[in-house]
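Taking it in order: structure first as structure tokens, then the write-up.
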Amino acid sequence: MARIAIFGAGYVGLVTGACFADLGHEVVVRDVLPERIQRLRAGEVPIYEPGLGEVLERCRDRISFTLDVGEAVAGADFLYVAVGTPPTYAGDADLSAVWTVVDELPGDARMTIVMKSTVPVGTGEKVRAALDARGLEAVGYVSNPEFTAEGTAVRDFMNPDRIVIGAFDEEDGDAVEALHGGIDAPVVRADVNSAEMIKLTANAFLVTRISFINEIANVCELVDADVERVAEGIGLDHRLGPHFLRAGIGWGGSCFPKDSLALKQLAANSGYHFHLMNAVIEVNELQKRRVLQKLQRHLGGLRGKSIALLGLSFKPHTDDMREAPSLVLASRLLAEGAEVRGWDPVARPDLQGVTLSATLLEAVTGADAAVIVTEWPQLLEFPSEETRRAMRHPLIVDGRNLLDPDAVRALGFAYEGTGRRISATDVLPEAAEPELETSE
Ligand code: UDX
Ligand code: UDX
């Protein structure tokens, strides 16, 4: 069993650390945030990630937490880098946290650095050169990108579709592969650049599928077709497959927006204009804004109207608000002069101008419309006689196609999904032309 230091106790670092401890390794997780380390030491889990608490509890004697670099790297065979790589203003990934880890390595370090954080292609080569320049030739370098999705990260780590390992030195690659003993998955061995490219390409292809089906949904709305049936009908083709064809208000989260921008930027910096990636990103931006057009079609101008945003995290089963579509929706609605309330079962974001409601009923009472932004399962129970009576206008804009349109309409709600067939009963009598004073 190996001794593994994990740098970064965020969503990725904690899941990686906990799962390696569960596989029997000795793990030390290091972060720069004292409060985070204190809480972890006290047995608390600082993020909402299903199943993570149980694994950490089970592995208590094999995992420890520290602020101290020396303590983390002492005797470590591997140093996993899982620090944040947020976008810079230029759209490139900000690698300052990654460089700090490399710079902090003691001069006598001998472990293998394993890059888990998502980095631009070419980062491994730069880190290798920096290590060599510091005389740290004995330190190995391996790229081992992560493909875990939030909300299912523990399961994804333990049952991955594949493990990708890119190494300069095949022995280092073998050693990282051996760390995954106990996990049954195909292993893709590659050079470091290609491993880095696999990660960016996987995310780029997934967002392309979503933006594609979202555009199909938009066309479906114009020609009165149902995108849910279309997705089912194409998804059964084994060449296409059923996944990532859920139309909605677009993709968000800590990875997709950042990584698609980083790939677009990487291409541009290398002299290539990546037309498709640009379009995929633009479609996603516009998709969130279409909700406003739907609200305006029913309510006229939105000034003074009260809109309830149901589900705020970027997807269900996480409290993560990074690049959540709810953020864009809330600010667009506020800019139109609407009063905005928010409800989420887990996320408690501090959104300026948005009133957070403790219950669904409170969120929709007196509201002119309810928008399903994130498909939390609790929202399946939301349409009822009680909520319809509580609303000023019983209008539901379903940004995730969560609800059954017929059942919702039977309860007396007006309903608009995304790319779903529109019912003649949906247009409310008081619908008016949108006010001209929109400020977009
Ligand atoms: C991160 C990267 O953002 C992403 O590119 C990669 O795919 C996986 O790792 P995530 O774990 O979701 O994703 O990030 P976050 O939850 O922000 O955690 C990063 C942690 O690193 C934080 O706890 C932060 O305090 C810590 N950190 C940051 C360090 O320990 N050192 C630093 O210098 C900077
Ligand atoms: C994603 C990747 O799935 C994962 O492999 C990578 O390591 C990190 O980024 P995550 O961001 O946690 O994981 O969530 P995911 O379930 O992939 O959803 C991302 C976004 O796409 C969400 O906003 C979700 O609502 C949206 N989405 C997903 C759709 O709009 N339609 C779909 O069909 C699927």
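Listed peptides 266-274, 246-254, 372-380 appear in the order 246-254, 372-380, 266-274 once ranked by packing, highest mean of other Cβ atoms within 10 Å at the front.
In percent, what relative contact order does the range 119-192 have, based on Cα pairs under 8 Å that are 6 or more apart in sequence? Write out the running numbers ahead of the final one.
Numbers: 83 pairs, mean separation 22.7, N = 74.
About 31 percent, as a whole number.
Size descriptors for the chain, from the alpha-carbon set: Rg then Dmax equal 23.9, 76 Å. Amide hydrogen proximity for residue 64: with H placed 1.01 Å from N in the peptide plane, the residues at 5 or more positions away or on another chain lying under 5 Å are 27, 28, 29.
How would you classify the range 250-318 from its alpha-carbon gyration tensor, with a ≥ b ≥ c the square roots of the eigenvalues: rounded for a/c under 1.5, else prolate if a/b is greater than b/c, otherwise oblate? Please report the intermediate quantities before stating the final value.
On the way: a/c = 4.18, a/b = 1.92, b/c = 2.18.
Since a/c reaches 1.5 but b/c is at least a/b, the shape of the range 250-318 is classed as oblate.
Sorted by average packing, counted as other Cβ atoms within 10 angstrom per residue and highest first, what order do 280-290, 184-194, 300-310 take?
Working: 280-290: 18.2, 184-194: 14.2, 300-310: 22.0.
Ranked from most to least packed, the peptides come out as 300-310, 280-290, 184-194.
The chymotrypsin sites (Phe, Trp or Tyr not before Pro) of the range 1-106 that meet both conditions, a loop assignment by DSSP and at most 10 other Cβ atoms within 10 Å of the site Cβ, are 89. If a spin label sat at a point 7 angstrom from the Cα of residue 152 along the line to its beta carbon, no backbone N atom of the range 401-424 would be nearer than 14 Å.
Which value, in debye to the nearest 20, describes the size of the charge dipole of the range 286-423 about its Cα centre when Lys and Arg Cβ atoms bear +1, Asp and Glu Cβ atoms bear -1, and nothing else is charged?
Details: 19 positive and 17 negative charges, 126 e Å.
Roughly 600 debye for the range 286-423.
When the chain is treated as a Gaussian network with alpha carbon springs shorter than 10 Å, the biggest mean-square fluctuation among 90, 109, 21 belongs to 90.
When a/c reaches 1.5 or more, the comparison of a/b and b/c decides; with that in mind, is the range 74-156 rounded, prolate or oblate per its Cα gyration tensor? Oblate is the answer for the range 74-156, as a/c is 1.5 or above yet b/c matches or exceeds a/b. In the context of the full set of protein chains, residues of the range 160-199 present 47 Å² of accessible surface per residue (probe radius 1.4 Å, heavy atoms only). Which log10 I(q)/I(0) values does the range 138-183 give at q = 0.13, 0.14, 0.25, 0.26 Å⁻¹ under the Debye formula, counting every alpha carbon as one identical point scatterer? Calculated log10 I(q)/I(0) at the listed q: -0.32, -0.37, -0.91, -0.95. Going by accessible surface with a 1.4 Å probe and the largest first, 77, 237 read 77, 237. Ligands, DNA and RNA left out, the accessible area of the chain computed with a 1.4 Å probe is 54% carbon and sulfur.
In straight-distance terms, cross-link reach from residue 288 covers every one of the aspartates and glutamates whose alpha-carbon lies under 13 Å from its own, apart from those fewer than eight places away in the same chain; here that gives 215, 323, 398.
The values are calculated or read from the model by the stated rules, or taken from the named source; none is laboratory data. Just so we're clear, the structure is a prediction, and the values are computed from it rather than from any experiment. In this analysis, Cβ positions are derived from the backbone assuming ideal geometry, glycine residues included, and neighbour counts consider all displayed protein chains. The accessibility values were calculated without ligands, DNA or RNA, using every heavy atom of the protein model including side chains. Shrake-Rupley method; radii C 1.70, N 1.55, O 1.52, S 1.80 Å.
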